Amino acid sequence: MSDLLVKFAFTGAQVRGELVRLDAAWRAMTAHRRYPPPIMRVLGEMVAAAALLATTIKFNGALVMQVYGDGPLQLLVVECQPDLALRATAKVRDEPIADDISLQELLNRGGRGRFSITLDPKDPLPGQQPYQGIVALEGDSVAEVLRTYMRQSEQLETRLWLASNEDVAAGLLLQRLPNDGRLQVAPNDDTWEHVTALAQTVTAEELLNLSPENVSHRLFWQETLEHYAPLTPRFACTCSRERIGKMLISLGQDEVDSIVAEQGSVTVTCEFCGRQHSLDAVDVAHLFAHGI
Ligand SMILES: [Zn+2]
């Protein structure tokens, strides 16, 4: 099985769904880092959710999900580009983490944890700022945190079922669309209640081990679905010498010169992909004399 995202709609109802399964992309994303298992689970679920949510939004830019935790998980960032190029990283406090730690203990120990989604436009119009919604970290699962977010920030009823291990990150999304009057939906239409009850029976094992097509067949074989062209999420990092240059310029020449004087060069390791970007004394002098 390979990295795949499938979209579908329930015929005649204002409900859409998506299934995603990431394996090679997920392994590539985490190949350079070893995270404790609870961090891997949360990160994988967030990555699957980012691919699912990005696909529901008509927006030309990056969707960035961030967790600012006050427990062992300090920071988590997942970024999804419009072509479903994904990257992710987590910052973990140096303390032991029990394998069965609850989500609340992991990232909201003192109740000050926050979750945000930022939509960062690719070609911003003059004066256009990235849109950001931010909520408290409520709920015992990543899916619950996102459900709260979508309800509070987007006023959209969205349910997610997510699962992740070292090899696979996977998820199912169902979303109830506002009735825009274009579709004749019976006033007592209960498709939403019906299909979310069906989805509720999905297990983590099924999400992790079955293909999206098989999960959708297992859950919704009695429903009439419209399928859209499948999409291929992938891992890609947008780090570059240019971006590292910008970062070094923001640090200031004195700071960078002192690192070069001490170490002979300045090396920045990308948190997302592990790539090392090195600049020697000549590169640094050129950078500050001529810019990027
Ligand atoms: Zn990178």
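No value in this document is a laboratory result; all are computed from the given coordinates. Just so it is clear, the structure is predicted and the values come from calculations on it, not from any experiment. So basically every Cβ, Gly included, is an ideal-geometry build from the backbone, and we count neighbours across all protein chains shown.
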Requested in this report: Find, to one decimal place in angstroms, the Kirkwood hydrodynamic radius of the stretch 241-290, where the mean of 1/r is taken over every pair of different Cα atoms and then inverted.
Outcome: 10.9
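Which GluC sites (Glu not before Pro) from the stretch 100-193 combine a DSSP loop assignment with at most 14 other Cβ atoms within 10 Å? Don't skip to the end; give the middle numbers.
Numbers: sites: Glu105, Glu138, Glu144, Glu154, Glu157, Glu166, Glu193; in loops: Glu138, Glu166.
Those that pass, being in a loop and sparsely packed, are Glu166.
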Report summary line: Restricting to lysines and to Cα separations under 28 Å from Lys91, and discarding same-chain partners fewer than 8 apart, the set is Lys122, Lys246
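What dipole magnitude, in Debye to the nearest 20, does the stretch 4-235 give about its Cα centre under +1 on Lys/Arg Cβ and -1 on Asp/Glu Cβ? Working shown, then result.
Values: 22 positive and 29 negative charges, 123 e Å.
Using only the charged Cβ atoms, the result is roughly 600 debye.
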Query raised in the report: Once you mark the trypsin sites (Lys or Arg not before Pro) that are in a DSSP loop and have at most 11 other Cβ atoms within 10 Å, what is the longest gap between them in the chain?
Result: 183-292
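Restricting everything to alpha-carbon atoms, can you work out Rg to Rh for the stretch 1-96 with a Kirkwood hydrodynamic radius? Provide the component values of the computation, followed by the final result.
Values: Rg = 14.8 Å, Rh = 14.5 Å.
For the stretch 1-96, the value is 1.02.
When the convex hull of the Cα atoms of the stretch 79-130 is projected onto a plane and the area is averaged over all directions, what value comes out in nm²?
On the way: hull surface 23.6 nm².
Averaged projected hull area, Cα only: 5.9 nm².
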Query raised in the report: At each listed q (0.19, 0.20 Å⁻¹), what is the log10 of I(q)/I(0) that the Debye formula gives for the stretch 117-233 modelled as equal alpha-carbon point scatterers?
Result: -1.26, -1.31
Query - Lys, Arg +1 and Asp, Glu -1 on Cβ, resulting dipole of the stretch 241-290 about Cα centre, debye, nearest 20 - result: 280
Query raised in the report: Among all cysteines in the chain, which have no other cysteine Cβ under 4.7 Å from their own Cβ?
Result: Cys80
Query raised in the report: Normalised by the number of residues in the chain, what is the relative contact order in percent for Cα pairs under 8 Å and 6+ residues apart?
Result: 24
Query - Computed over the chain, Cα set: Rg, Dmax in Å - result: 21.2, 73
Query - Highest-fluctuation residue, Ser278, Ser116, Ser216 considered, GNM on the chain with Cα pairs under 10 Å - result: Ser278
Report summary line: Which of Ala28, Ala163, Ala229 fluctuates most in a GNM of the chain (C-alpha springs under 10 Å)? That residue is Ala229
Query raised in the report: Of Asp83, Asp140, Asp120, which has the largest mean-square fluctuation in a 10 Å C-alpha GNM of the chain?
Result: Asp140
Query raised in the report: Which of Ala169, Leu52, Gln200 sits farthest toward the positive end of the charge dipole of the chain, with +1 on the Cβ of Lys and Arg and -1 on the Cβ of Asp and Glu?
Result: Leu52
